[in-house]
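I have placed the structure first, in the form of structure tokens, so that the comments after it can refer back to it.
Values quoted throughout were computed directly from the atomic coordinates according to the rules given, and no laboratory measurement underlies them. Fair warning: this is a prediction, and the values are worked out from it, not measured in the lab. Cβ placement follows ideal geometry from the backbone for every residue including glycine, while neighbour counts extend to all protein chains displayed.
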Amino acid sequence: MCAWLRIAATVMICAAPNLASAHHSYAMFDRSRTSTAGGVVAKVEWSNPHVFVWVYVPKTGGGYSLYAFESDAVTRLTHLGWSATSLSAGDKVTIDYNPLRDGRPGGKLISAKLPGGQTLVTTNDGAAPPGARP
């Protein structure tokens with residue numbers, strides 16, 4: 001085998017684990033349960049491979065917990081009516097989500113009800129929440 005083929009094969013073999021871990025399953029979320037959390041958007045990370053939304057959710061008795069909500073890729077959300085400016089830090093939102101199995105605050109984002117009453121969804125499977133954009 002010529003040297004450049006050996007180099008290419010070595011690079012591919014070394015890169016394979018990184019490529020395989022570039023996308024993960026949603027097994028860490030309890031997809032059989034849906035929870036709702038209301039709060040104030042702390043941060044939105046509008047980037048691939050998954051959009052993340054962090055929300056300060058009030059605790060019973062005072063204070064806040066920071067919830068991390070994972071969503072789909074930018075292109076998928078764009079097709080469902082989202083944009084990079086759909087949510088901004090400081091917005092009051094209500095999030096429907098599949099909670100994390102390990103009990104940490106956050107989960108798989110299903111929909112976000114925006115301050116003006118509009119609801120954006122992360123899937124077009126099944127019935128969308130009232131007022132959701134297709």
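Can you tell me how much longer the chain between Tyr64 and Thr85 gets when fully stretched, taken as 0.36 nm per residue apart minus their C-alpha distance, in nm with one decimal? List each step's numbers first, then the result.
Details: separation 21, 0.36 × 21 = 7.56 nm, distance 2.42 nm.
So the extension gain works out to 5.1 nm.
Test of understanding: what is the full-extension gain from Thr123 to Tyr26, defined as 0.36 nm times their sequence separation minus their Cα-Cα distance?
Difference between extended and current length: 33.5 nm.
Between Arg33 and Thr94, how many nm apart are label points set 7 Å from Cα along the C-beta direction?
Going by the 7 Å Cα→Cβ label model, 2.1 nm.
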